[in-house]
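Notes to accompany the following structure.
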Amino acid sequence: MSAGFAPLPLPYTAPELERRLGADWSGLLWTAYRWMRTARSLDERMVGLQRQGRVGFYGPATGQEAVSIAAGLAVRENDWVFPGLREQLVALVRGHPLGTYLHHLFADSLDPASGRQMPCHPTAREVRYVSMSSCVGTQVSQAVGCAYGFRFRSDDAVSLAFFGDGATSVSDFHAGMNFAGVFHLPVVFCCTNNQWAISLPVEQQSRVAELAEKAAAYGMPGRRVDGSDFIETYLQLSDALETARQGRGPTLLEFVVYRMSPHSTSDDPSRYQPADWRERSAQHDPVGRMERLLGALGLLSQDLVREMDRQIDATLRDAIAAAERTAPPGPETLERDVFAPAVSAPSAEG
Amino acid sequence: MTEVTLVQAVNRALRTAMSADPEVLLLGEDIGVNGGVFRATEGLLKDFGADRVIDTPLSETGIVGAAVGMALYGLKPVAEIQFLDFIYPGFDQIVSELAKFRYRSGGQYPCHVVIRSPYGGGIKGGLYHSQSTEAYFAHTAGLKVVVPSTPADAYGLLLSSIFDPDPVIFLEPKRIYRTVTGEVPEGDQRVPIGRARTVREGTDVSVFAYGAMIPPATEACQAAEADGVSAELIDLRTLVPLDAGAVLASVEKTGRAVIVHEAARFCGYGAEIAAILAEKAFFSLKAPIHRVTGFDTPFPYALENLYLPNAARIRQAIVDTVRAG
Ligand SMILES: Cc1ncc(C[n+]2csc(CCOP(=O)(O)OP(=O)(O)O)c2C)c(N)n1
Ligand SMILES: [Mg+2]
């Protein structure tokens with residue numbers, strides 16, 4: 001975890017923050033900061049547990065936390081989230097219990113999906129967080145169909161489609177963006193450009209300098225956002241959500257972030273990342289930036305942070321211990337949920 | 001009751017479902033103003049409006065992906081894929097997403113989309129307007145696969161499919177879209193998914209077929225009477241879930257089986273029927289199981305009549321099977 005609160009040139013002043021974020025701007029920033037520290041701590045612990053063989057896999061979101069947290073805080077209750085690979089935090093911020101998420105990460109019998117998916121693929125219907133597959137990009141056109149449903153039922157919800165820079169090359173990105181443009185649907189396309197798709201740098205993913213430019217091909221606005229800056233990210237998301245909600249169509253937001261971790265616990269970035277990537281990416285660390293901002297605004301003290309960390313540690317420790325104590329899913333769950341329960345699964349045994 | 005063609009029965013079922021439930025909507029290429037290239041959706045745009053009969057851009061992954069999203073939200077989308085041969089850009093959405101949503105979400109996100117698509121040969125459509133690739137879908141857990149062969153079944157099974165809680169691949173035998181006619185009921189009269197239909201009873205051999213193979217199989221069974229063979233014809237109607245009980249009961253009675261499909265033979269749907277019979281009805285069998293199928297080639301344009309099983313080939317198989325033991 002980044003340490004110290006060295007002041008940075010401050011892009012935001014207190015009156016400006018109040019004007020743009022509302023009267024409880026400091027509460028919003030504190031909530032975001034708490035989630036950042038929680039997420040960072042969760043990533044560190046889970047990578048460690050994977051190394052010890054206690055969980056099977058983990059895909060950290062280190063360096064990308066501001067985007068998911070801002071989204072979780074900017075959406076309304078009726079908005080739907082179609083996550084990409086690293087947006088589990090959106091579900092947690094919207095209220096999916098951390099303990100339940102841990103049961104998912106440990107693929108135990110209290111995982112709502114009976115441990116069927118790899119870790120980091122949770123489902124949380126209660127917070128309108130859609131179950132993701134591992135197939136990069138497929139969620140994009142689904143988010144668009146869901147948004148068609150909103151308009152059809154006169155529901156003022158917005159659909160958020162999250163995906164990475166790599167996913168912009170997938171056919172469903174094109175199909176989804178095109179359908180959303182043609183039907184003028186309430187979708188916010190959130191491209192988290194962490195500049196890598198496993199080993200492929202974004203310059204080799206696309207010839208355009210800014211992925212946001214792709215929006216022009218679909219007749220929608222596209223904006224490039226500093227995704228390590230929580231406030232900028234939150235404001236851009238809020239604006240695009242409002243635009244969509246008012247029936248003024250979809251937006252593509254490209255959040256530029258720095259992948260500060262390996263692609264996943266199965267990856268070794270030393271094979272492909274330049275030697276200075278770590279150092280460069282650390283300068284953009286969204287947690288460090290938030291700390292510096294809060295510090296400069298006089299909102300942060302070592303005591304407060306220490307107490308916050310103590311609570312986070314205790315929560316995570318308990319949740320991990322509870323998950324580790326829980327039995328794996330029973331064999332009776334294997335054939336469930338292939339079809340609706342009323343109809344027995346077709347089988348040659350019949 | 002009125003006498004209609006198979007494609008008209010599809011149209012009527014769509015109309016009935018859309019009238020019964022305002023959240024049934026259709027999406028696909030050329031289905032609105034044009035009424036579909038086979039006219040299956042003729043007149044529906046006018047009666048139900050562009051919000052419910054959606055002309056989409058040309059993208060099968062977009063069509064299926066959007067339908068998945070609509071279904072997750074709770075609508076009942078019926079997607080048309082113009083020809084089964086063009087479904088592959090949407091194949092990922094079908095096998096990776098649609099088929100797996102319920103399972104991977106522990107039942108939190110059921111996803112019931114109907115995908116209708118004309119399939120099969122015999123219309124001079126060459127490689128890409130003729131294929132019969134039902135096995136790809138039957139092989140994927142989580143999808144139901146339905147293939148009607150009569151207007152009444154097209155009507156009743158499509159209604160069942162639209163109101164089923166699970167995803168359904170509804171394959172329409174386009175070769176007989178207009179060549180078979182029959183009566184269909186009025187209103188929401190459904191034919192249950194998962195039950196085979198006995199087309200004719202017989203005692204010497206069981207013939208299993210579906211879709212556009214039913215007319216030539218019927219003709220073959222009739223012709224085999226002249227050879228002194230009493231053939232039973234079973235229209236499987238739904239490939240998943242298979243009515244295994246009906247298949248086994250018939251072979252336990254006749255002791256012989258001929259399986260007919262126009263799809264390629266290798267790993268075709270008939271292989272599964274043959275395997276089930278070998279596993280579960282082995283001691284009832286008096287003769288080797290016989291398959292009458294398309295060839296293990298791409299679908300040919302000029303030689304399509306050679307490729308497709310016809311009444312003569314099916315009759316020969318029936319007679320050979322009965323003579324074999
Ligand atoms: C269709 C598909 N192809 C390949 C993969 C393997 N894969 C998993 S993640 C990934 C890179 C994704 O990059 P990006 O979209 O930028 O997301 P990020 O991992 O950077 O968050 C690849 C190639 C996959 N999961 N799905
Ligand atoms: Mg990336």
- Item | Residue that is farthest from the other protein chains (Cβ to nearest Cβ) [pool: residues in the stretch A:140-173 that are among the polar types (S, T, N, Q), touching a helix residue (DSSP H, G or I) at 6+ places or on another chain (Cβ under 8 Å) and more than 15 Å from ligand 2 (Cβ to nearest atom)] | A:159
- Just to be sure, is residue A:222 away from ligand 2 (no atom under 16 Å from the Cβ) and under 21 Å from residue A:87 (Cα atoms)? yes
- Item | Complete set of residues in the stretch A:72-108 that are over 20 Å from residue A:146 (Cα atoms) and assigned to a loop (DSSP other than H, G, I, E, B) | A:86, A:95, A:96, A:97, A:106, A:107, A:108
- Task: Show the residue pairs that are 6+ apart or on different chains and have beta-carbon atoms under 7 Å apart, the first residue being within the stretch A:9-31 and farther than 12 Å from residue A:231 by Cα, the second being modelled with pLDDT of 95 or more.
- Result: A:31/A:73
- Message: Looking at (1) surrounded by fewer than 20 Cβ atoms within 10 Å (Cβ to Cβ); (2) away from chain A (no Cβ under 11 Å); (3) under 18 Å from the mean Cα position of the chain (by Cα), which one does residue B:80 not meet, given that it meets all the others?
- Response: (1)
- Message: For the list (1) outside any loop (DSSP other than H, G, I, E, B); (2) more than 16 Å from ligand 1 (Cβ to nearest atom); (3) facing chain B (nearest Cβ under 9 Å); (4) buried (at least 24 other Cβ atoms within 10 Å of the Cβ), I need the number of the one condition that residue A:111 fails.
- Response: (1)
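One line per residue, one yes/no per condition, for (1) within 24 Å of residue B:285 (Cβ to Cβ); (2) of a type in the set (A, V, I, L, M):
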residue: B:186; (1), (2): no, no
residue: B:193; (1), (2): no, yes
residue: B:212; (1), (2): no, yes
residue: B:221; (1), (2): yes, no
residue: B:249; (1), (2): yes, yes
residue: B:269; (1), (2): yes, no
- Got at least one residue in the stretch B:94-105 being more than 8 Å from chain A (Cβ to nearest Cβ) and surrounded by fewer than 24 Cβ atoms within 10 Å (Cβ to Cβ)? yes
- Query: Is the stretch A:187-207 home to any residue that is part of a loop (DSSP other than H, G, I, E, B), away from ligand 1 (no atom under 14 Å from the Cβ) and more than 14 Å from chain B (Cβ to nearest Cβ)?
  - Reply: yes
- Residues satisfying the stated conditions in the stretch A:285-298, i.e. part of a loop (DSSP other than H, G, I, E, B) and at pLDDT below 95: A:297, A:298
- Task: Name the single residue, out of those in the stretch B:272-303 being in a helix (DSSP H, G or I) and in contact (Cβ under 8 Å) with a residue 40 or more places away in the chain, that is farthest from the other protein chains (Cβ to nearest Cβ).
- Result: B:273
- Number of the exception - residue A:256 against (1) within 15 Å of ligand 2 (Cβ to nearest atom); (2) over 25 Å from residue B:89 (Cα atoms); (3) within 14 Å of chain B (Cβ to nearest Cβ): (3)
- Query: Of the residues A:154, A:159, A:169, which single one is of a type in the set (Ser, Thr, Tyr) and within 15 Å of ligand 1 (Cβ to nearest atom)?
  - Reply: A:169
- Any idea how many residues of the stretch A:225-268 are of a type in the set (S, T, N, Q), within 20 Å of residue A:87 (Cα to Cα) and in a helix (DSSP H, G or I)? 3
- Taking residue A:104 and the conditions (1) away from chain B (no Cβ under 14 Å); (2) free of Cβ contacts under 8 Å to residues at least 40 places away in the same chain, which numbered condition does it fall short on, given that it satisfies the others? (1)
- Message: Restricting to the stretch B:153-199, count the residues that are in a helix (DSSP H, G or I) and within 14 Å of chain A (Cβ to nearest Cβ).
- Response: 2
- Task: Return a yes/no flag: does the stretch A:308-321 have any residue that is crowded, with 20+ Cβ neighbours inside 10 Å, more than 14 Å from chain B (Cβ to nearest Cβ) and either charged (D, E, K, R) or more than 19 Å from residue A:227 (Cβ to Cβ) (or both).
- Result: yes
- Note on the structure: Output for Cβ contacts, cut-off 7 Å, separation at least six or different chains, first residue more than 18 Å from residue A:57 (Cα to Cα) and facing chain B (nearest Cβ under 7 Å) in the stretch A:116-132, second surrounded by fewer than 24 Cβ atoms within 10 Å (Cβ to Cβ) and not hydrophobic (A, V, I, L, M, F, W, C), reads A:125/B:108; A:125/B:109; A:130/B:109
- Of the residues that make up the stretch A:230-245, is at least one β-branched (Val, Ile, Thr), surrounded by fewer than 23 Cβ atoms within 10 Å (Cβ to Cβ) and either within 16 Å of ligand 2 (Cβ to nearest atom) or modelled with pLDDT under 95 (or both)? no
- Item | Pair list, Cβ < 8 Å and 6+ apart or interchain, from the stretch A:332-350 residues that are at the interface with chain B (Cβ under 8 Å from one of its Cβ atoms) to residues that are at pLDDT below 90 | A:338/A:345; A:339/A:345; A:339/A:346
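The values are calculated or read from the model by the stated rules, or taken from the named source; none is laboratory data. From a predicted model like this one, the values you see are computed outputs, not experimental measurements. We place every Cβ from the backbone using ideal geometry, glycine too, and count neighbours over all the protein chains shown.
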